[in-house]
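Asker: The following block contains the structure, expressed as structure tokens.
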Amino acid sequence: MMITKRWLCVAAATLLTAGCGQGGGGESAAPGGGAGGDAQRIAAERNLTPDDVSAALKTYMPTGRHDDYIMFASGGHSGQVFVIGMPSMRLLRNLAVFTPEPWQGYGYGAGNEILEAGFVGDHPITWGDTHHPALSETAGDYDGEWLFINDKANARMAVIDLRDFETKQIVKNPIAINDHGGAMVTPDTEYVIEGGQYGSPLGWKYAPIADYNKSYRGMVTFWKFDRAAGRIDESKSFALELPPYWQDLFDAGKLASEGWIFGNCFNTELATGGIEDGNAPFEAGASQRDADYLHIIDLKKIESLFQAGRTTKINGFPVIALDTLIEEGALFFAPEPKSPHGVDVAPGGEFIVVSGKLDPHVTIYSIDRIKQAIADKNWEPDAYGVPVLDQDAVVEAQVEVGLGPLHTQFDNKGYAYTSLFLDTAVARWTLGGAYADKNPDTPWTLVTKIPVHYNVGHIVASEGDTVSPDGNWLVSLNKWSVDRFFPAGPLLAQNFQLIDIQEPGDKMQLCYDMPIGVGEPHYAQICKADKLSPWTVYPEIGWDPHTQKVAADAAQAGKEGVVRNGKNVDVYMTAIRSHFTPEHVAINQGDHVRWHITNLERAEDATHGFALPAHNVNLSLEPGEAITFEFDADQAGTFTYYCSEFCSALHLEMMGYLLVQPKPL
Ligand code: RUQ
Ligand code: CUA
């Protein structure tokens, strides 16, 4: 539970009335005795202000107490996802997704086939640039079951099962070589959306850059999620061909706008760069026009076009052609001010918020106005024939929030929050009209700003992109930390700053700085912890986490041993504190080995590792888990395998010998 505000005030007052006021009175007695006096003395000695002390009280977790919220943060080019408890900001786990990770054994004997499914052609890809995590939703709220995340670098999407917090699937986008606007889910997680970014020929075929307008395209892909199977169903997934503007981010409509998909884009200038040839560099070329386009997609229409087979195949993947989208009235644009970034649908779905990076405003579109403009055919076609709705007809309001607005989140008090990259601040503003309090006189206006440190990209509020935001906390995901932490060399950590947004009006309190020294996070989502119910041991002994059932070939207690079938050898091994069975594995050079290990433990946290030198194998066998890995025994020798998790007092004794007898000459 959260510390109640009342208790907090009392505590802060107790701590501070005497302590800080007196400035370092070492032995000053406080009402209530020694502990209180200690706290005052410490606050004074450490030069803590009353705000510092209240921030500490709001975030400190005594040992054994669990956090109220769990944040899932992208790990940027670490290719991982970070799981962070809030408000303590304790790192609970990194989740290996696109990058092999030895502690979890991912890519070192387990999970190899998941990683291989994400290779591009024949090229092994061993990293990813994770950008936007998306929790699965039911009726627009997080349901705590699944997590999706994209890899910008190679246009891939991953599926993580929140029963065991492990990656189950990676799919490579067949038509795009990189992406950006994903993962975002529809309100019941029927689809996981992956939008492209940089215009390129679909299927990343070769085309000269001089043919940009004709041969290069944008795209958005709708991955069908099969919840029962726990996998993306590639056979029911499809993509849309879009003009080669640089699609940026997407969000799914909800409630009032359910059935619509929104995206923003930049570079409607169709700039192709080439600074070395005297052309304008991309950053100038792509910033000429006053407006780019909000993309408005009718989900029901594109679904029926796909089902009716109105697609062409690119690399075997069904794509609805731009002309078809236009003909069928499935795609519309609306002008968005200068180099927009971010598109965020408000909790009720009535409004869609877009920021112009080079405009001090956020622009708010109304779904009712959009529908009306479509009905009225109030549009002009763009260069590709896509209807561009009249700006005045679809814009509900603009709010001047500050310099460099990027991303918007929402709370339960009728406020929206927008990150301001150039101001290096977070703006709080009111959703106007009848939105929050049903008072049509509520203005659309800026309320306050809080400085952050420094250069904020995304912000994330607790459940702040759902239909029912929670409104307690916001985290500012700052790209730079500059002077906030000890510099461990010139590569500095990112800074996650925790902000208390419970109080209305101009009160927002910065409570905690968390350095992230492992890749560059982008977006994050914050879920109430009680929505998650992860396993702490696998349900049954012999469990294969990939299929989430007992593996047919799992090693079983009492049936351990080495089974030879010609040159094929199966090793059946169990692990339990503090031994592997068998402890001697004798095979011949030239054998093909399938090695099955089952962790027989039923106790929480009784994980065993399995490190096999010279074979690039390290496994993490959580209680009940069974893993099979394979290799060719091409090196003769004596190889000492051991448990790589400190599991018990006799952990060092948990080892064995792999004896590979040389081939007779
Ligand atoms: S966007 S750089 Cu999420 Cu602001 Cu990727
Ligand atoms: Cu098992 Cu160490």
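Laboratory data are not the source of any read-out in this text; all were calculated from the coordinates shown. Note that the structure is predicted; figures quoted are calculated from it, not measured. For neighbour counting, all protein chains shown are included, and Cβ atoms are generated from backbone atoms with ideal geometry for every residue, glycine included.
Asker: Let me know the shape class of the range 620-665, please: from the alpha-carbon gyration tensor, a ≥ b ≥ c as square roots of the eigenvalues, rounded when a/c is under 1.5, otherwise prolate if a/b is greater than b/c, or oblate.
Answerer: Details: a/c = 4.51, a/b = 1.77, b/c = 2.55.
Oblate, since a/c reaches 1.5 and b/c is not below a/b.
Asker: Put a dot 7 Å past each Cα toward the Cβ at ARG577 and ARG65; how far apart are the dots in nm?
Answerer: It works out to 2.9 nm between the two label points.
Asker: Once the other residues with Cβ under 13 Å from the Cβ of VAL97 are scored (Lys, Arg +1; Asp, Glu -1), what is the net sum? Provide the component values of the computation, followed by the final result.
Answerer: On the way: positive: ARG93, LYS152, ARG156, LYS168; negative: GLU101, ASP129, ASP151, ASP161, GLU166.
Local net charge: -1.
Asker: Still on this structure: Averaging sequence separations of C-alpha pairs under 8 Å and six or more residues apart, then dividing by the length of the chain, give the relative contact order as a whole percent. If you can, show how the numbers build up before the last one.
Answerer: On the way: 1808 pairs, mean separation 61.4, N = 665.
Reported relative contact order: 9 percent.
Asker: Assuming a ≥ b ≥ c are the square roots of the Cα gyration tensor eigenvalues, decide whether the range 183-240 counts as rounded (a/c under 1.5), prolate (otherwise, with a/b larger than b/c) or oblate. Before the final figure, lay out each step's value.
Answerer: Working: a/c = 4.28, a/b = 2.69, b/c = 1.59.
Prolate, because a/c is 1.5 or more and a/b exceeds b/c.
Asker: Could I ask something else about it? Quick one: net charge of VAL399's neighbours, Cβ under 15 Å, K/R +1, D/E -1? The partial results should precede the final answer.
Answerer: Working: positive: ARG428, LYS449; negative: GLU336, ASP344, ASP359, GLU396, GLU400, ASP423.
In short, -4.
Asker: Please state the shape class of the range 402-539: rounded when a/c is under 1.5, otherwise prolate if a/b exceeds b/c and oblate if not, all from the C-alpha gyration tensor. The partial results should precede the final answer.
Answerer: Working: a/c = 2.47, a/b = 1.24, b/c = 2.00.
Cα axes put the range 402-539 in the oblate bin.
Asker: For the range 100-235, report the % of Cα-Cα distances exceeding 18 Å. Don't skip to the end; give the middle numbers.
Answerer: On the way: 5091 of 9180 pairs.
Counting every Cα pair in the range 100-235, those more than 18 Å apart make up 55 percent.
Asker: Kirkwood hydrodynamic radius for the range 249-407: how many Å is it when counted over pairs of different Cα atoms?
Answerer: Working: mean 1/r = 0.0605 Å⁻¹.
Kirkwood radius, the range 249-407: 16.5 Å.
Asker: Helix-only mean residue ellipticity at 222 nm, the chain, DSSP H runs n ≥ 4 weighted -39,500 (n - 2.57), per residue, nearest 500. What is it?
Answerer: Details: 10 runs with 82 residues, N = 665.
The helix contribution divided over the chain gives -3500 deg cm²/dmol.
Asker: In what order do GLU622, GLU380 fall by count of nearby beta-carbon atoms within 10 Å, going from fewest to most? Write down the numbers at each step before the final one.
Answerer: Values: GLU622 25, GLU380 9.
Starting with the residue having the fewest Cβ neighbours, the order is GLU380, GLU622.
Asker: If each residue's Cβ is checked for other Cβ atoms within 10 Å, how do HIS131, HIS615, HIS579 rank with the fewest at the top? Display every interim value, and only then the final one.
Answerer: On the way: HIS131 25, HIS615 20, HIS579 17.
The fewest-first ordering by Cβ neighbours comes to HIS579, HIS615, HIS131.
Asker: Apply the Debye scattering formula to the chain, with a single equal point scatterer on each alpha-carbon and no solvent, then give log10 I(q)/I(0) at q = 0.06, 0.07, 0.12 Å⁻¹.
Answerer: Normalising to I(0) and taking log10 leaves -0.40, -0.53, -1.26.
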